[in-house]
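This report refers to the structure that appears directly beneath it.
The values are calculated or read from the model by the stated rules, or taken from the named source; none is laboratory data. Keep in mind the model is a prediction, meaning the values are calculated, not measured. Don't worry about glycine lacking a Cβ; one is built from the backbone with ideal geometry, like all the others, and counts go over all protein chains shown.
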């Protein structure tokens with residue numbers, strides 16, 4: 001399969017062709033083998049730490065499903081369900097200041113996510129939410145893409161997508177300087193944990209197949225997250241206005257360390273396929289159920 005157009009669109013090296021051939025086309029065919037025996041749209045959950053390449057993987061799978069098999073497929077990022085900046089500021093004032101920063105469970109509109117998943121299973125038109133990271137606010141609904149539902153395949157991706165709530169004992173000790181200095185009594189991390197149990201785990205149940213891009217360690221997330229932000233800055237042609245500096249990213253990613261490491265330890269057991277990455281995001285192994 002020639003994916004030259006896809007490579008050019010996503011500014012990917014020619015080597016991605018071999019990666020897709022070896023790893024991702026077999027994944028796509030495996031997903032299709034499950035989808036063919038399912039009724040309605042087939043929901044696939046994709047987890048990967050920041051910068052691991054999950055968005056690119058989802059875009060490739062959509063390209064493959066549509067161009068190779070003529071299927072209707074869509075991808076949605078958990079990021080597109082972020083609460084508005086104003087709503088997060090309310091949470092920061094009423095619950096904990098760290099909730100002003102988007103990312104962790106509790107900063108998403110889970111009602112909107114649930115409604116969107118439900119709408120995707122029914123006939124009609126569905127507007128897919130979109131979040132503008134450059135402005136740190138959702139796009140106006142008039143700018144959301146509209147699709148004809150139900151599609152054949154729905155991909156949902158996110159850095160914490162699929163991550164379960166932790167035990168109370170696991171919440172006791174801070175995992176980094178951010179938690180030690182800004183959440184010493186654990187209010188923030190317990191709020192996040194409670195939200196996972198109350199609102200997110202039921203959404204996970206909608207997924208019929210799970211994929212994970214597993215990074216080697218949290219230490220690599222900083223490097224990958226910087227690369228991701230630099231790419232966003234280059235795409236928008238500007239800095240500021242929500243584009244973070246490397247120093248800001250260093251503090252920013254500490255919001256995600258706890259759940260990223262929890263995902264590394266707990267999520268592979270529930271996934272159908274786990275792609276293990278090295279420090280350069282090269283796949284070194286795949287674990288299949």
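If residue 148 meets every condition in (1) touching a residue at least 24 places away in the same chain (Cβ under 8 Å); (2) under 30 Å from residue 71 (Cβ atoms); (3) under 18 Å from the mean Cα position of the chain (by Cα) apart from one, which number is that one?
Every listed condition holds for residue 148 apart from (3).
For (1) in a loop (DSSP other than H, G, I, E, B); (2) under 28 Å from residue 135 (Cβ atoms); (3) at pLDDT below 95; (4) over 16 Å from the mean Cα position of the chain (by Cα), each residue gets a yes or a no:
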position	(1), (2), (3), (4)
189	no, yes, no, yes
193	no, no, no, yes
199	no, yes, no, yes
238	yes, yes, yes, yes
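Give me a count of the residues in region 238-289 that are without any contact (Cβ under 8 Å) to a residue 12 or more places away in the chain and touching a strand residue (DSSP E or B) at 6+ places or on another chain (Cβ under 6 Å).
2
Taking residue 143, is it surrounded by fewer than 15 Cβ atoms within 10 Å (Cβ to Cβ), closer than 21 Å to residue 188 by Cα and out of contact with any helix residue (DSSP H, G or I) (no Cβ under 8 Å at 6 or more places or on another chain)?
Criteria not met by residue 143.
In the set 57, 71, which member is buried (at least 21 other Cβ atoms within 10 Å of the Cβ) and touching a residue at least 24 places away in the same chain (Cβ under 8 Å)?
57
Do we have any residue at all in region 206-221 that's crowded, with 18+ Cβ neighbours inside 10 Å, at pLDDT below 95, out of contact with any strand residue (DSSP E or B) (no Cβ under 9 Å at 6 or more places or on another chain) and in a helix (DSSP H, G or I)?
Yes, region 206-221 contains a residue that is crowded, with 18+ Cβ neighbours inside 10 Å, at pLDDT below 95, out of contact with any strand residue (DSSP E or B) (no Cβ under 9 Å at 6 or more places or on another chain) and in a helix (DSSP H, G or I).
Go through region 79-89 and give me each residue that's surrounded by 14 or more Cβ atoms within 10 Å (Cβ to Cβ) and assigned to a helix (DSSP H, G or I).
Once the filter is applied, which keeps residues that are surrounded by 14 or more Cβ atoms within 10 Å (Cβ to Cβ) and assigned to a helix (DSSP H, G or I), region 79-89 yields 79, 80, 81, 85, 87, 88, 89.
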